[in-house]
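Before any comments, here is the structure.
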Amino acid sequence: MTAVASRPAATRLVDHFEYGLDAPICLTWELTYACNLACVHCLSSSGRRDPRELTTDECKALIDEFERMQIFYVNIGGGEPTVRPDFWELLDYAVAHHVGVKFSTNGFRITSERARQLAATDYVDVQVSLDGATAEVNDPIRGAGTYDAALRAMDNLRDAGMKDFKLSVVCTRDNIPQLDEFKKIADDHGAQLRLTRLRPAGRGADVWEDLHPLPHQQRELYDWLVAHGEGVLTGDSFFHLAAFGDALPGLNLCGAGRVVCLVDPVGDVYACPFAIHDNFLAGNIRDEGFKQVWQESALFRSLREPQTGGACTSCSAYDSCRGGCMAAKFFTGMPLDGPDPECVKGNAEFVSAGDRPAPSQDHSHRGTVRNAPVPVSIGRRRPPTTMCDESPVNAADLTPTGS
Amino acid sequence: MLDEAWVLNGSVALRPEPFGALAYDFTTRRLSFLKDPALVEVVRALGEHATVTETFDAVGIAPADRPRFGAALERLAGQQMIVRRDAA
Ligand code: SF4
Ligand code: SF4
């Protein structure tokens, strides 16, 4: 041991992860803020393309850097990544440079021809987003016609012989009763079901109060996940539910800036895909390169310091829950060192949430959108409880698109 | 296993990390962790030696540690991270 070791030596793997790795394990790269849809809960407030978007050459240089850092795979998202004209070119480039790709799509552009191409490419995985097992539940959230489009894409992928692609579902108050149906849709398509947590990020902050699962649904979800074990993927997103009992499979820690990060369409690097806000912006790859940001940025270095658990430290579940999700706390105005807003022990009630932070950016569509969400219940918005409960800056943008 | 020839699976890449290495299998998309720098050395060197035991000798694994390393290699073999050389 040298004198400079100011923190205890890591013995468990999870401790190493807390101190950060030389390169991320779970890197999300959002290729564009452009999207043909306008989902009410979009974590990146996508819609319009950002004119400063990375060029094809810049994207390729970034892939080269990923290869040098041995980042074995990236999760590509958006926006809708397939609307970039060079999307398929970048996909091929990444694969040729030993950077595997899993990309998320709403399915509109996964034609039978593209599906065959994908099935024939090694190291590429596809994740089709669907937030209701029926059009009645899905389309109010993702937009008119989006259920049919996702199912068509999945049919095409199955028919092309694509194995184990992902059906990705954000769990909400409305679709938690449909977990078995989602599983069946996935099974019928030879796909794997992936369930992730709704987070109050981007436009998700606007619908959080209406859509986040109710306390008894959290329990239902936890029991369902335990019953289905490793057969269902969760992207490690439900570790706050571990406080119900046994830990779920996965790392069970907030990986933001430690093993997780986001590169956004203009090259900004954030601590996590659900933390697109100036407070979690570590740097830009155009200025300093990705490696430099990942390894040296002041923000990431501070996230890798031992964190204080605040009010959670005395909780019996702290070892597995660790106070939950940093982004969920931040965007609901709760202190970062306290309980998660969905704390299953009910401790969030004892914390007074401050004002919700104003978003730092918004690429939402401003005009009408062809496949706009069908406003039923989601269109109702909770009345502001304080003057600043909703961002005063973009009040007009908070109206559901198309209504 | 100890008398056999093994090698890192061709579809697996190792990335050095402070705790040892990350191992990623491009075919199965499976990520594993090698939690000991000496184990990483062994895995990297397997292909250069006629047997696992000779690899242990070359890397300098003490006899007392060999059962532990042997068990770790069995686990990696179970995940197809390392493969028998004649089968490779
Ligand atoms: S901030 Fe939340 S979503 Fe992001 S890595 Fe941490 S726990 Fe996961
Ligand atoms: S008090 Fe904190 S650690 Fe305990 S269950 Fe709630 S969020 Fe998790």
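The values are calculated or read from the model by the stated rules, or taken from the named source; none is laboratory data. Every value quoted in this text rests on a predicted model; they were computed, and no experiment measured them. When we count neighbours, we look across all protein chains shown, and the Cβ atoms used for this are built from the backbone with ideal geometry, even at glycine. What goes into the accessible areas is simple: the full protein's heavy atoms, side chains included, and nothing from ligands, DNA or RNA. Shrake-Rupley method; radii C 1.70, N 1.55, O 1.52, S 1.80 Å.
Of note:
- Cα centroid separation - region B:14-88 against region A:171-208, whole Å: 38 Å
- For region A:16-308: accessible area per residue (Å², 1.4 Å): 35 Å²
- Taking the inverse of the mean reciprocal distance over all distinct Cα pairs, the Kirkwood hydrodynamic radius of chain A comes to 21.6 Å.
- For B:Asn9, nonlocal amide neighbours, meaning residues 5 or more places apart or on other chains whose placed amide H falls under 5 Å from its own, are B:Ile82, B:Val83.
- The protein assembly as shown - percent of accessible surface contributed by carbon and sulfur, probe 1.4 Å: 51 percent
- Think of each Lys and Arg Cβ as +1 and each Asp and Glu Cβ as -1; about the Cα centre, that makes the dipole of the protein assembly as shown roughly 440 debye.
- Expected 222 nm ellipticity per residue - DSSP helices of 4 or more, -39500 (n - 2.57), all of chain A, to 500: -8000 deg cm²/dmol
- Peptides A:53-62, B:70-79 ranked from most to least packed by the mean count of surrounding Cβ atoms within 10 Å: A:53-62, B:70-79.
- Distances between placed amide hydrogens fall under 5 Å for A:Trp29 paired with A:Asn75, A:Ile76, A:Gly77, A:Val263, all partners being 5 or more residues away or on another chain.
- When A and B come together, around 1500 square angstrom of accessible surface is lost from both chains combined, probe 1.4 Å.
- For region B:18-31, 3J(HN,Hα) computed residue by residue from phi via the Karplus equation (6.51, -1.76, 1.60; θ = phi - 60°) reads x, 8, x, 7, 9, 10, 10, 9, 5, 7, 8, 6, 9, 9 Hz, glycine and proline entered as x.
- Mean separation of Cα pairs under 8 Å and 6 or more residues apart, divided by the residue count, gives chain A a relative contact order of 20 percent.
- Dipole magnitude of region A:16-308 about its Cα centre (Cβ charges: Lys, Arg +1; Asp, Glu -1), debye to nearest 20: 40 debye
- Residues in chain B average 49 Å² of solvent-accessible surface per residue, probe 1.4 Å, ligands and nucleic acids excluded.
- For the protein assembly as shown, DSSP calls about 40 percent of its internal beta bridges antiparallel.
- J(HN,Hα) series, region A:81-93, from Karplus relation 6.51 cos²θ - 1.76 cosθ + 1.60, nearest Hz, glycine and proline x: x, 6, 7, 6, x, 9, 4, 5, 5, 5, 4, 4, 5
- In the context of the full protein assembly, A:His228 retains an accessible surface of approximately 60 Å², using a probe radius of 1.4 Å and ignoring ligands and nucleic acids.
- Remark: chain B carries a charge dipole of roughly 400 debye about the Cα centre, counting +1 on each Lys and Arg Cβ and -1 on each Asp and Glu Cβ.
- Against the rule of thumb 2.2 N^0.38 Å, how large the Cα Rg of region B:6-83 comes out: 1.01
- Local net charge near B:Glu74, Cβ-Cβ under 13 Å (Lys/Arg +1, Asp/Glu -1): +3
- Listed residues A:Ala201, A:Ala317, A:Ala34, most fluctuating in chain A (Gaussian network, C-alpha, under 10 Å): A:Ala317
- Lysine pairs within region A:16-308, Cα separation less than 19 Å, 8 or more sequence positions apart or different chains: 8
- Region B:6-83 - percent relative contact order, Cα under 8 Å, separation 6 or more: 32 percent
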